[in-house]
Amino acid sequence: MEDLTVAAVNFHSDFGEIDSNLGRIRSWAAQMAKEGVDILAFPEMSVCGYENSWLISPFMDQIPGSITTHLQKIAEDYQITLIAGLAEQVRGTVRYISQVFVPPHGQLGVYRKTHLSPQGANYFVPGDQCPVFDHPKARVGILVCHDLRFPEACTLLALQGVEVVFVCMAASPHPKYSIANKLHRLLPARALDNTIFMITCNQVGIGHKGRVFGGAAMVVKPDGEIVREVASKGESVLKYRLRTKALQKIRQSPYLHCMQDRRPELYGKLSQPRAG
C-alpha cells in the first residue's frame, strides 16, 4: 500500500432521478479531484435512490450499462476512482444491490451485496462473491450496509490482501440509537480484527416514501481508532489521508496483528448452514 487520499460522501439520492444524481456525483468528483482525492465513495443505491420493492424496477440497469458508462466518463474526466451504488438487473428476474468500482483507466469492477436484510431479501438476491479491487496505491474491498454485521465478510477480504474496506450504506436510524452509535461498535472491531482501514458513508435526508437516512461517514485506522467522523442532516463529505506507515506499524505488532494466529482447522462449522 502507498499513502492515498480517500473521500466518502453522505449523499442525498433522489429516488428515480438518475440523471440528477449522476450530475451531483460529477460535481463531487470535480471538487474532490481538485483536492487530490484518489478514491471517492458514495452510498448504497446512490445513483438510483433506495427502494427494496418492485418500485425500483424502472430504474435498474445492467452492468456494464448506461449508468456505468456515465460513471466511467466522470472517472476519466477527473482522473479519480469512484465507488457508487445502483440496483442491477441480470437475466430478467435476477436483481442485485450492487456497488461498482470505477477507475479512470482499466477494468470496471462490481461487488454484489452478499448479506441482505429481511426487507431487501423480498426482492433482491444476494451476491455470492467477495471480490477485491486493485487500485494503484492499495488493494480495496467493498461491503454494503448489512454486510458489516458479519465478521466473516471482512476477514475474507483481509485474507485476500485487502488493506482498505469501504462500507457503503443506506441505513436509517433506529428509534433507540443513531447510525453513528451502531458504527462506533462495529467498525472499530472489524478494523482491529483484520488490521485494515475502514471507511464508511451513508445516504442522508428524506428518501422515497418518507424513509429517513442518517448520514454518517467515518474513517477507522487498523488499530480500531476512529480518526475522522462526519455526521449531518444534509450532504457532507469526509476526506482523509491513509498513511502506509500507520498500517505497517500495526501489522508489525504481534499483539495487534493477529491474523497469523488464526486456527482455520477449527472453523469448519462457520461455513455450514445454520441448523433449523
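The values are calculated or read from the model by the stated rules, or taken from the named source; none is laboratory data. Everything numeric here is computed off the predicted structure, so don't read it as measured data. Counting neighbours? That spans all protein chains shown, and the Cβs are built from the backbone with ideal geometry, glycine included.
Out of the residues in the stretch 122-133 meeting the condition of being of a type in the set (Phe, Trp, Tyr) and not in a strand (DSSP E or B), tell me which one is farthest from VAL9 (Cα to Cα).
Among those that are of a type in the set (Phe, Trp, Tyr) and not in a strand (DSSP E or B), it is TYR123.
Please go through the stretch 227-258 and pick out each residue that is under 19 Å from ALA138 (Cα atoms) and part of a loop (DSSP other than H, G, I, E, B).
ARG243, GLN252, HIS257
Out of all the residues in the stretch 234-260, which are of a type in the set (A, V, I, L, M) and either loosely packed, with under 12 Cβ neighbours inside 10 Å or more than 16 Å from GLY224 (Cα to Cα) (or both)? Can you show your working first?
Going through the stretch 234-260, the residues of a type in the set (A, V, I, L, M) turn out to be 237-238, 242, 246-247, 250, 256, 259.
Hits for the stretch 234-260 are VAL237, LEU238.
Could you list, in sequence order, the residues of the stretch 44-59 that are in a helix (DSSP H, G or I) and polar (S, T, N, Q)?
SER57
What are the residues in the stretch 29-43 that are closer than 27 Å to LEU247 by Cα and assigned to a helix (DSSP H, G or I), if any?
The initial filter retains those residues of the stretch 29-43 that are closer than 27 Å to LEU247 by Cα, namely 29, 32-43.
Listed by number, the residues that qualify are ALA29, MET32, ALA33, LYS34.
Do you know which residues across the stretch 1-28 are in a helix (DSSP H, G or I) and within 20 Å of SER232 (Cα to Cα)?
ASN21, ARG24, ILE25, SER27, TRP28
Residues are listed down the side, and each one gets a yes or a no for (1) touching a residue at least 40 places away in the same chain (Cβ under 8 Å); (2) under 26 Å from GLY214 (Cβ atoms); (3) of a type in the set (Val, Ile, Thr):
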site	(1), (2), (3)
GLU17	no, yes, no
ALA30	yes, no, no
GLY36	no, no, no
SER53	yes, yes, no
ILE74	yes, no, yes
ILE83	yes, yes, yes
LEU116	no, yes, no
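Residues that are of a type in the set (D, E, K, R), touching a strand residue (DSSP E or B) at 6+ places or on another chain (Cβ under 8 Å), under 30 Å from ARG228 (Cα atoms) and not in a loop (DSSP other than H, G, I, E, B): does the stretch 86-99 have at least one? Steps first, please.
Applying the first criterion (of a type in the set (D, E, K, R)) to the stretch 86-99 yields 88, 91, 95.
So of that shortlist, the ones also touching a strand residue (DSSP E or B) at 6+ places or on another chain (Cβ under 8 Å) come out as 88, 95.
Among the residues that remain, those that are also under 30 Å from ARG228 (Cα atoms) are: none.
No, that holds for no residue.
Output the residues belonging to the stretch 185-208 that are in contact (Cβ under 8 Å) with a residue 60 or more places away in the chain, over 15 Å from ALA246 (Cβ atoms) and more than 17 Å from the chain's Cα centre (by Cα).
ASP193, GLY205, GLY207, HIS208
May I ask you to verify whether ASP19 is out of contact with any strand residue (DSSP E or B) (no Cβ under 8 Å at 6 or more places or on another chain), at pLDDT 95 or above and surrounded by fewer than 20 Cβ atoms within 10 Å (Cβ to Cβ)?
It is true that ASP19 is out of contact with any strand residue (DSSP E or B) (no Cβ under 8 Å at 6 or more places or on another chain), at pLDDT 95 or above and surrounded by fewer than 20 Cβ atoms within 10 Å (Cβ to Cβ).
For the stretch 259-267, state whether one or more residues are in contact (Cβ under 8 Å) with a residue 12 or more places away in the chain and part of a loop (DSSP other than H, G, I, E, B). I'd like the intermediate steps shown before the answer.
Keep residues of the stretch 259-267 that are in contact (Cβ under 8 Å) with a residue 12 or more places away in the chain, which gives 259.
Filter once more, keeping what is part of a loop (DSSP other than H, G, I, E, B): none.
Within the stretch 259-267 (the criterion being in contact (Cβ under 8 Å) with a residue 12 or more places away in the chain and part of a loop (DSSP other than H, G, I, E, B)), the answer is no, since none of the residues qualifies.
How many residues are among the β-branched types (Val, Ile, Thr), crowded, with 22+ Cβ neighbours inside 10 Å and not in a strand (DSSP E or B) if we restrict to the stretch 69-85?
Of the residues in that region, 2 qualify.
Among the numbered conditions (1) surrounded by fewer than 23 Cβ atoms within 10 Å (Cβ to Cβ); (2) in contact (Cβ under 8 Å) with a residue 12 or more places away in the chain, tell me where VAL102 comes up short.
The one condition VAL102 does not meet is (1).
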